């Protein structure tokens, strides 16, 4: 099964379990006490992850010793900064099995997805090489109901700009993608299929490789939102079968302010730019300009070198532990969480109830207690979770809930923290008289 | 726990037994406000009447989905403004907004705010201020619309 083959699992007894104590010692913030002295229990890594000392040190070292503007100037610091920035590109490429020339640094996963969507409408006024990206009336953009707004709204806007039609896969009551009408939805009219690699709400992992195969059979481009997958399991772009993959550094132990768009080289070479300005030009005349090849074509402005260095350090950190080990640890926490939280009377967990093709996002509703109020009680106990619709409003609507409380697990979380979450939910029920 | 200072008994009472909930006729303006971060929403109607040439809040009715703070706050709002002149009600609303923005630093005026002083603790939790203000902002918007529609002195009694 393709989806399972993308998911690296424990290879028998070959892999020792993750040493949570040692990992936690690398994250200074986890030593913090919050709200009246409770030790911090951070279960909001799906929103943003905490950063290990190694990432913080890498950024500090960069600013302390090397800092200059990359790809500008011929002084020593500029050379070192350029090397550090380009070195980070090589490191990130290696992390996902790509070529460095296929890695574009953006400011976020959101911007990476917008880059593709805007390049497609910009294709209308670009040269013949951009033909592949043109969309207009009669063309269809296919998304899913489980997308984060970042992989939905840019496509809605692309349709508004071009006259293309937005269509979407629904979700099953279990929160899986409903692919029953895939053969009807994906047709020769489909120009883009944009799909998440892992739901940020239910953790559901759609069979992206299968969807990509179907999409490619009809000549559609496949854009994958990897913001919730790349930080948590080994992702190899060759196995993924997609054309574009977006993810952000801050969800994978790296700094905020930098994201990544991976794209197939031949596509990037034909794709018009989104943001234009310095660094991305070949020749500029008053009458018009020509652009550099990728990746520079898509990186206007002084690049975020320190952030790239931090992201590379995060890749080192994750690979040092091993993504298979990270994934196995989170899978165990998720199984524990599903069992402990779903067992509480009056609590409904959204999404799949097993860890099969499911990542570590645990969203739930508590009868009689609004998610804000659940989150408030948990916060009082030092437990940080997310409440609301988690930028996936249509998914919440499809699953018949207005908002949820969401706990997300990462490599530094412990089984005791999962138990504390379940206990906190019971306290919220008690406080609001809902138990 | 600090929870009791945030969720004072008055708030929990209003949450469990909201006042004036449900949408009613007649009304002069209706608005729909959402809190985009969490999806909480309120549909709120305002009916005004004229008393000696001054607009008075005749009724506030609403339908809302949301947390205890937003539900209770909207319920308390109706207690505070119904029967008051629009000018008085706007003063209360301004005082409530000031309390919410005080970060817990100011002493609320119970004479003006009545039960709404119970929301004092919310000001210490910036993430919840929008919850407390949802109904109040909707009321202000609906009232402004009702006044604009009526025009100066356009309405006598309803």
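The values are calculated or read from the model by the stated rules, or taken from the named source; none is laboratory data. A quick note: this is a predicted structure, and the numbers were derived from the prediction, not measured. Quick reminder, even Gly has a Cβ in these numbers, built from the backbone with ideal geometry, and neighbours come from all protein chains shown.
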Looking only at region A:272-287, which residues are closer than 21 Å to residue A:123 by Cβ and in contact with a helix residue (DSSP H, G or I) (Cβ under 8 Å, 6 or more places away or on another chain)? A:272, A:273, A:274, A:275, A:280
Tell me yes or no: at least one residue of region B:13-24 is buried (at least 20 other Cβ atoms within 10 Å of the Cβ), away from chain A (no Cβ under 14 Å), in contact with a helix residue (DSSP H, G or I) (Cβ under 8 Å, 6 or more places away or on another chain) and over 30 Å from residue A:148 (Cβ atoms). no
Tell me, please, whether a residue that is at negative phi and assigned to a loop (DSSP other than H, G, I, E, B) can be found in region A:209-217. no
If you take the residues of region A:115-135 that are in contact with a strand residue (DSSP E or B) (Cβ under 9 Å, 6 or more places away or on another chain) and more than 23 Å from residue A:105 (Cβ to Cβ), which of them is surrounded by the most Cβ atoms within 10 Å (Cβ to Cβ)? A:135
So is residue A:56 at pLDDT below 95 and within 28 Å of the chain's Cα centre (by Cα) or not? no
List, please: which pairs have Cβ atoms under 9 Å, are six or more places apart or on different chains, and start with a residue in region A:409-435 that is under 10 Å from residue A:336 (Cβ atoms) and within 14 Å of another protein chain (Cβ to nearest Cβ) and end with one that is at pLDDT 95 or above and part of a helix (DSSP H, G or I)? none
Mind listing whichever residues of region B:65-90 are outside any loop (DSSP other than H, G, I, E, B) and more than 12 Å from the chain's Cα centre (by Cα)? B:65, B:68, B:85, B:86, B:87, B:88
Against the definition (in a helix (DSSP H, G or I) and buried (at least 18 other Cβ atoms within 10 Å of the Cβ)), how does residue B:47 come out, yes or no? no
Can you name the residue in region A:364-402 that is free of Cβ contacts under 8 Å to residues at least 24 places away in the same chain and out of contact with any helix residue (DSSP H, G or I) (no Cβ under 9 Å at 6 or more places or on another chain) and, of all such residues, is farthest from the other protein chains (Cβ to nearest Cβ)? A:400
For the subset of region A:20-38 comprising residues that are on the phi < 0 side of the Ramachandran plot and loosely packed, with under 14 Cβ neighbours inside 10 Å, which member is farthest from the other protein chains (Cβ to nearest Cβ)? A:22
When you go through (1) touching a residue at least 40 places away in the same chain (Cβ under 8 Å); (2) surrounded by fewer than 19 Cβ atoms within 10 Å (Cβ to Cβ) one by one for residue B:84, which number turns out not to apply? (1)
Scanning region B:1-12 for residues that are in contact with a helix residue (DSSP H, G or I) (Cβ under 7 Å, 6 or more places away or on another chain) and more than 8 Å from chain A (Cβ to nearest Cβ), the one surrounded by the most Cβ atoms within 10 Å (Cβ to Cβ) turns out to be B:11
